[in-house]
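A quick write-up on the structure given underneath.
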Amino acid sequence: MTQSPNDSISNSMAQETSRDVGPVVLLGPPGAGKGTQAKRIMEHYLVPQVSTGDILRYNVAQGTELGRAAKAVMARGELVSDDLVCEMVRQRLIQPDCKRGYILDGFPRTAAQAGWLDALLDDKLFDNSRPTRAWPIVIRLDVDYNQLLLRITGRRSCPTCGRIYNVHFQPALVDEICDLDGSKLVTRNDDRLEVIQPRLAAYQEQTFPVAEYYQRTGRLISVNGDRPMDEVTAQIFRILEDHHA
Ligand code: AMP
């Protein structure tokens with residue numbers, strides 16, 4: 001199965017710090033800022049971001065078997081089947097760069113995926129190669145509904161470096177052009193207004209129970225994602241440091 005764009009960060013990079021972190025699970029509706037915050041955690045702790053949405057989009061763009069299976073479902077704003085996504089995640093987490101931890105962005109998204117992840121971390125689904133076995137630190141970003149709509153409809157990303165912008169809150173210096181590498185920014189296919197509603201409905205129906213599952217087991221930490229981005233990042237870092245202490 002094709003895995004990029006997050007295949008692995010280089011081992012030399014991972015060795016720059018001895019600090020392990022996570023695994024971290026970032027929960028929250030589309031537009032909550034999971035991708036942005038995951039990238040910041042990744043840069044700070046040098047552990048990889050495992051974004052199921054990014055991996056799926058890459059596979060769609062490459063026309064792989066996985067991408068062909070996922071394309072229509074994603075275009076409708078619905079969730080790809082648990083089996084496909086779990087196998088994709090399993091293959092990603094056995095990569096050596098995940099040994100010190102990783103940030104799951106967009107996974108788990110259903111109760112079945114959350115149960116599968118627990119079993120995996122409990123070592124039931126791995127034979128020889130195993131990822132970090134600690135229980136995940138589950139952080140949910142809570143964001144007001146109207147904010148979410150502005151964030152999703154205004155979202156643009158750089159197809160080259162992956163940097164995320166927002167035309168309302170965090171525009172590029174030159175309109176629609178990436179500050180870092182000059183690429184023309186793109187709008188995700190599923191950020192179109194007609195697809196947003198089913199995506200938010202999928203979150204409410206299928207992913208909200210995931211948060212409840214973690215809450216029941218005392219593992220859910222909620223963060224106010226309406227706060228400015230830097231404040232949200234600072235709070236997440238505090239949570240991770242407290243957890244480590
Ligand atoms: P995202 O970038 O996380 O908003 O994901 C974009 C799309 O990819 C979603 O609307 C789903 O169609 C699909 N997807 C991403 N992660 C998952 C997952 N964990 N389970 C099922 N489908 C997913």
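The values are calculated or read from the model by the stated rules, or taken from the named source; none is laboratory data. These figures come from a predicted structure and were not determined experimentally. Note: ideal-geometry Cβ built from the backbone for every residue, glycine included; neighbour counts use all protein chains shown. Note: accessible area is taken over every heavy atom of the protein model, side chains too, but ligands, DNA and RNA are not part of it. Shrake-Rupley method; radii C 1.70, N 1.55, O 1.52, S 1.80 Å.
Taken one residue at a time, the phi angles of region 79-88 give Karplus couplings (6.51, -1.76, 1.60, θ = phi - 60°) of 8, 6, 4, 4, 4, 5, 5, 5, 5, 4 Hz. Gly and Pro are set to x. When only Cα pairs below 8 angstrom with a gap of at least 6 residues are kept, the chain shows a relative contact order of 26 percent. Protein-only accessible surface at a 1.4 angstrom probe places the residues Arg227, Arg90, Arg219, Arg68 in the order Arg68, Arg227, Arg90, Arg219, largest first.
Taking amide H as placed 1.01 Å from N in the peptide plane, Arg109 has its amide H under 5 Å from the amide H of Ala114, each at least 5 places away in sequence or on another chain.
Report for the chain the percent antiparallel among DSSP-assigned beta bridges with both residues inside it, nearest 5. Can you show the working numbers first?
Numbers: 7 of 22 bridges.
So the antiparallel bridges in the chain amount to around 30 percent.
5 Å is the cut-off here: which amide hydrogens, built 1.01 Å from N in the peptide plane, fall below it relative to Leu27, excluding neighbours closer than 5 in sequence? Placed amide hydrogens put Ile139, Arg140, Leu141 under 5 Å from Leu27. Pair-distance distribution of the chain: all C-alpha pairs, bin width 10 Å, starting at 0; shares per bin in whole percent are 7, 31, 41, 19, 2, 0. Net charge dipole, region 105-236: roughly 200 debye, given to the nearest 20, about the Cα centre with Cβ charges of +1 for Lys and Arg and -1 for Asp and Glu.
From helices alone, the chain scores -13000 deg cm²/dmol at 222 nm; the rule is -39500 (n - 2.57) for each run of n ≥ 4 DSSP H residues, then divide by the residue total. The radius of gyration of the Cα set in region 74-203, together with its Dmax, comes out at 17.5, 50 angstrom. Proximity of backbone amide H atoms, modeled 1.01 Å from N, is registered between Arg156 and Tyr165, Asn166, Val167 at under 5 Å, excluding neighbours fewer than 5 places apart on the same chain.
Inter-label distance, Arg90 to Glu241: 3.9 nm, where each label sits 7 Å from its Cα along the C-beta direction. Principal axis extents of the C-alpha atoms in region 179-239 (largest first, rounded to whole Å): 45, 31, 17.
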